[in-house]
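Q: This is the structure, below, for whatever I ask next.
The values are calculated or read from the model by the stated rules, or taken from the named source; none is laboratory data. None of the values given here were measured: they were computed from a predicted structure. Cβ placement follows ideal geometry from the backbone for every residue including glycine, while neighbour counts extend to all protein chains displayed.
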């Protein structure tokens, strides 16, 4: 009776009562049956009597489903392609989960096999924000690897909290012109230190040992004043208070004390200052060391000429560095104008850029480029005339690459 009355057989009570009466009649004959051999070794009946009717019905449905999967290929295909299975499988298929193909196949088989059970899931509300899931799911492998690299860098920075990260340094830059909210920027760069995963250009600061010198041309050695500050920046201007010679307010040359090496890549950053609003001339570039006492540097056509007038700085064509790579005819309203000079003689590179925006890039005209390898004594050059203008050399370094 225990075997027959197992709940999994779904027998009616009337049948069980009838069967019990019949077994009582033949009870004496059943005495010869060895009930110790009723079950297979190490096996016991499934205790369906301890399962409530609701769960029992689910098991029944599951078994019917398994039978269908095994015997009906069309049914199998319909389950595999069902919206519910596909929706749930999206979770495991997403690239951001990094699940291998064999595991994906296994999971899909599990979802198909246990389909009756997953029908209770509300697949319409699987995700808290479907659009966020879709955004990550649709990213390329390259984007995901970059994101992982950023997160690893963040973990590394947390473990080495004594190191000032590049992203921390970016936070300290003046950001008014970018119109960033500082609090938001700090939070984003702290959570995602993107600047720290970028390969940084190697640069060697040479400002400490890089000096400018006065040339004798038109008594420049008596009229030019060079002040080297505690941060090694250099202020270069005309001071004629003690000068009574014939060359007052005449052009003078100021050049670097060392000849530039052909193989090295130089970057110089300087500020142009004018202390009056009337017309003034600035000229920067290169000139030969051997000509520094003989002629004005801009004659060699290796310079970039700027004119300042009423807070307006304008590039004038004619001194050699006149070919625009970026921008068109530099003309800006600015009292303190910053420039970057890039020099790599062996590659015939001589460029002037506005710093730090890099909206303009002006390089040496092609017709003069051969001079960069023909002359073996080229130096950095500044043109000076009177005490109303000043050059401030703020940075000087060697680099392995020029980056805009």
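Q: Does the stretch 304-336 hold any residues that are within 34 Å of the chain's Cα centre (by Cα) and closer than 10 Å to residue 283 by Cβ, and which are they?
A: 321
Q: While we're on this one: Among all residue pairs at least 6 apart or on different chains, which show Cβ distances below 6 Å where the first residue, located in the stretch 51-69, is in the same structural domain as residue 114 (by TED's automatic domain parsing) and within 18 Å of residue 82 (Cβ to Cβ) and the second is in a helix (DSSP H, G or I) and modelled with pLDDT of 80 or more?
A: Partner pairs satisfying both residue conditions: 61/116; 62/116; 65/116; 68/75; 69/76.
Q: OK, next. Whether any residue in the stretch 241-249 is surrounded by 19 or more Cβ atoms within 10 Å (Cβ to Cβ) and more than 14 Å from residue 382 (Cβ to Cβ) is what I want to check.
A: Taking every residue of the stretch 241-249 in turn, none turns out to be surrounded by 19 or more Cβ atoms within 10 Å (Cβ to Cβ) and more than 14 Å from residue 382 (Cβ to Cβ).
Q: From the list 88, 111, 121, exactly one residue is in a helix (DSSP H, G or I), over 28 Å from residue 151 (Cα atoms) and more than 28 Å from the chain's Cα centre (by Cα). Which is it?
A: Going through 88, 111, 121 in turn, just one is in a helix (DSSP H, G or I), over 28 Å from residue 151 (Cα atoms) and more than 28 Å from the chain's Cα centre (by Cα): 111.
Q: Determine whether residue 211 is assigned by TED's automatic domain parsing to the domain that holds residue 394, over 48 Å from the mean Cα position of the chain (by Cα) and surrounded by 13 or more Cβ atoms within 10 Å (Cβ to Cβ).
A: When the stated conditions are applied, residue 211 does not pass them.
Q: If you don't mind, another one. I'd like to check which strands (runs of 3 or more DSSP E) are fully inside the stretch 288-371 and have at least 2 residues that are surrounded by 14 or more Cβ atoms within 10 Å (Cβ to Cβ).
A: 303-309, 312-316, 321-326, 336-344, 349-354, 361-364
Q: When you check residue 238 against the structure, is it in the same structural domain as residue 391 (by TED's automatic domain parsing), within 22 Å of residue 338 (Cα to Cα) and touching a helix residue (DSSP H, G or I) at 6+ places or on another chain (Cβ under 9 Å), yes or no?
A: Details: in the same structural domain as residue 391 (by TED's automatic domain parsing): yes; within 22 Å of residue 338 (Cα to Cα): yes; touching a helix residue (DSSP H, G or I) at 6+ places or on another chain (Cβ under 9 Å): yes.
Judged against the criteria, residue 238 is a match.
Q: Right, next: Inspect all residues belonging to the stretch 377-398 and state whether any of them is modelled with pLDDT of 90 or more and part of a loop (DSSP other than H, G, I, E, B).
A: For the stretch 377-398, residues modelled with pLDDT of 90 or more and part of a loop (DSSP other than H, G, I, E, B): present.
Q: Being assigned to a helix (DSSP H, G or I), surrounded by fewer than 10 Cβ atoms within 10 Å (Cβ to Cβ) and modelled with pLDDT of 70 or more, is that true of even one residue in the stretch 2-16?
A: Kept after step one, since they are assigned to a helix (DSSP H, G or I), are these residues of the stretch 2-16: 7-9, 13-16.
Now drop any that are not surrounded by fewer than 10 Cβ atoms within 10 Å (Cβ to Cβ), which leaves 13-14.
Subsequent filtering for residues that are modelled with pLDDT of 70 or more retains 13-14.
Yes: the stretch 2-16 contains one or more residues that are assigned to a helix (DSSP H, G or I), surrounded by fewer than 10 Cβ atoms within 10 Å (Cβ to Cβ) and modelled with pLDDT of 70 or more.
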